[in-house]
Each structure stands twice: as structure tokens, then as C-alpha cells.
1. Would you mention how many residues in the stretch 306-335 are assigned to a helix (DSSP H, G or I) and either in contact (Cβ under 8 Å) with a residue 12 or more places away in the chain or touching a strand residue (DSSP E or B) at 6+ places or on another chain (Cβ under 9 Å) (or both)?
2. Are any of the residues in the stretch 149-167 more than 20 Å from the chain's Cα centre (by Cα) and crowded, with 24+ Cβ neighbours inside 10 Å?
3. Any idea which of (1) under 19 Å from the mean Cα position of the chain (by Cα); (2) part of a helix (DSSP H, G or I); (3) at pLDDT 90 or above is the one residue 303 doesn't satisfy?
4. May I ask you to verify whether residue 338 is in contact (Cβ under 8 Å) with a residue 24 or more places away in the chain and more than 30 Å from residue 134 (Cα to Cα)?
5. Residues to consider are 28, 89; find the one that is closer than 25 Å to residue 193 by Cα and modelled with pLDDT under 85.
6. Do we find that residue 52 is touching a helix residue (DSSP H, G or I) at 6+ places or on another chain (Cβ under 8 Å) and over 29 Å from residue 240 (Cβ atoms) in this structure?
7. Looking at (1) under 28 Å from residue 60 (Cβ atoms); (2) free of Cβ contacts under 8 Å to residues at least 12 places away in the same chain, which is the only condition residue 149 fails?
8. Give just the number: which of (1) under 16 Å from residue 172 (Cα atoms); (2) in a helix (DSSP H, G or I) does residue 46 not satisfy?
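The values are calculated or read from the model by the stated rules, or taken from the named source; none is laboratory data. Predicted model only: the values in this text are computed from it and were never measured. Reconstructed Cβ throughout: ideal geometry from the backbone, glycine too, with neighbour counts over all protein chains shown.
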């Protein structure tokens, strides 16, 4: 099963390790907040709506960071810009530990979003451009994306240990402070990374153009349809994930009555499942194709969310149900890096990825806010999570049906701008999905 990994060159492996660890740190710094919501609700008397709004505005700012980083990366290189993005979000995470009010925390989290959006987008662009064999691109990007589980798991572990060692009013600050330490390791690992050949060739051929020109290409035919559908695809899966993951610790602690240690144990089971889900999704996206993988995992994740959140089960049953929930909830993400990278031409791939994935983040950012708003009324937190997650998975299903299948594509053919009709190129004609190579 790992023969494909043994075939990687030294450069491909170095790129994988740097992107994997960078993304894991990125996720740790972002997800640590979800573990601290219940504490901040008590410490500051913060409302659930405000707690959700902090997530929303962090993700909105990530769009700005992703667009800026994408434009710079298409001009000056992926590796150079990646070094700066990780500094921005790691320092910002540290500053969050100094906040004395929800408003200050929101400001620091928005600053963190600028680096978070750029780093998470560029690391996926880097690895998809570095892999030589397109038959392994789904696995390569899927295994890179599995670093999300390690970052999420590290956040859960830091939460459990820190709250055992310090009182709650100090522990939440320490959790934020910890985010800056692993970033130093990532900066060291990336010091000798080289730019992908496909990028260097595209930059030499493209010449100098204005940033507005490149950005505008994403919203004109024939790329407009792909930008819309990739944004909806990422928005649906991210929104569903944010709805569940942001509020799951609070749900376990407040509605199921679990302690800090108990909450961490349940989350550990879900996170373990998420790692298996990434691996399963990585192989499925190269074997089944991108479309079928998205549809199968999204449908399964919605069913598991209903069972986990709505159907009355014992705490012991919930512990074991967390594993398949994690498998399906995260497995749906495995192919997203490959799909978006295969949708745009080489010379604007970073800009296209940054826009479509992070427009998806902005769409998804309203999901945790919606959960907070719904649960502040007569709807229980569990039902609110299930409803909002269901909307997200419905978006994944629709976008996956309409996007073209890109498995095995040569990146030289990606985002062909030959002028063919945008509706036909994206599979939107008469609601019929296009089968075969992407236009």
C-alpha cells in the first residue's frame, strides 16, 4: 500500500514533510480555540453567538490572507511566501493568550486568520505541484491533509494536560501560548525547500501581469464555473466540519456532562477515526475518483452526525460511535487539494486555490455561527449541530455531481482556457455532470 511513497524522490519527500508538519501546526493553532469555548463562556460571560462569531471572523480574514498569499506565491514562489505565513499565524496564536476580552480575542484571531488562510492553501498547492506521477496525486495530497488529524489531536492533548496542570483561568492562556513553539520546527524544515518545476516553468512563460488581471481570470469564462463549484464544495465540507468540531467539546461537556478528561477521551476516539478517514479517502480518491469519494463520504458523515447528535444513546455507545464519525467527517476532505489544484492553470494555481478554498471557508464560517444562534433559542445544541452539518453535506453532494472528474489529470492540462463554453466545461449544462478529464 505504501509503494507509491517509496517511489518519491528526495525533493518530493522533503516537500511532503514540510507541508505535513506546517499544516498540523496550522490546525493546532486554529482548533485549540474550540476546546476553550466552554471555559471562555464561563470566564468572560461570553454568549454562544459571540463564541461562534469569533470563528466566523477568523475564517473571513483567512480569505483575505489566502488571496494575498496566493497572488504573491504565483509571482514570487510558494516556498518563500509559506515561510512568512507560518510566522504570522504562530505569533498571532501567542497574542491570543494575552487577550483580556472577547473583542481583543477576535482581533487577534482575525490576524491569525491572515496567516492561516495563506499557509493552509499554499502547502496543498506545493505538494500537488511537486508530485511527478498524477496517479498518486490524490494519495499524496490526501496524506498531507491527514496532518489535520495530528494537529487536532495535539490540540486535544494540550487541552487535557494543560487543564490538569493549571487552573482554568490560566490554562486557556497557556494553550494559546503553546502554538508558537512547533512553528519554529517547521521553519527549520522548510529552509532548503525548492520551488516546484511546474511553477518555475509557468512563471517563465507567463511574464509579468497585474495581480488584478490574474484575480479577474477566476471570475470569467471558462474558469468562473470551476471557481463557483470548488468554493461550494469546500464550503460545504468545511461548514459541516466546523459545525461539528467547533461545538463538539461544548456539547460533550455541557449536554453530556463529561469532565475535561472525559471530553478529551471522546474527542480522541473521533480524532483517531479522522486519521483513518484521511488515509481511506486518499486511496479512494485515486481508485474511485474524486466525485464518488465525495458523495459516499458526505452521505455517510451526515448519517453518523444524526446518530451521534440526535438519537439517544449511552455515553459508552457515543465513545465508540465517535470513531466512524471521524472517519467519514474527515475522509471527505482527502481529495480537495487535488481537485482544486487540477481545476486551475499552472500560472494562477495558488491564486485560484486561495480564492476558491477560502471562499469556501467564508461560506463555512457561518455554520458555527448558525449553530450558536439556533441553540440560543428553543433548539438544543445537538439538534442545531445536526441540522447545520446536514446543509453542508448537501452542498458537497451537489457540487461533486456538477464538477468534472479529474483523476489522473496531467497538470499541464489543468484549467484549459481555450475559450470553450464555461457551462459545458464545468458540467453545469442541463444539470449533467461532465465525465472524464477536466476542461
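1. First pass over the stretch 306-335, keeping only residues assigned to a helix (DSSP H, G or I): 306-309, 315-331.
With either in contact (Cβ under 8 Å) with a residue 12 or more places away in the chain or touching a strand residue (DSSP E or B) at 6+ places or on another chain (Cβ under 9 Å) (or both) added as a condition, the list becomes 306-309, 315, 318-331.
Selection size over the stretch 306-335: 19.
2. Yes, the stretch 149-167 has at least one match.
3. For residue 303, the exception is condition (1).
4. Working: in contact (Cβ under 8 Å) with a residue 24 or more places away in the chain: yes; more than 30 Å from residue 134 (Cα to Cα): no.
Judged against the criteria, residue 338 is not a match.
5. Numbers: 28 fails: modelled with pLDDT under 85.
Going through 28, 89 in turn, just one is closer than 25 Å to residue 193 by Cα and modelled with pLDDT under 85: 89.
6. On the way: touching a helix residue (DSSP H, G or I) at 6+ places or on another chain (Cβ under 8 Å): yes; over 29 Å from residue 240 (Cβ atoms): no.
Against the criterion (touching a helix residue (DSSP H, G or I) at 6+ places or on another chain (Cβ under 8 Å) and over 29 Å from residue 240 (Cβ atoms)), residue 52 does not qualify.
7. Just one mismatch for residue 149, condition (2).
8. The one condition residue 46 does not meet is (2).
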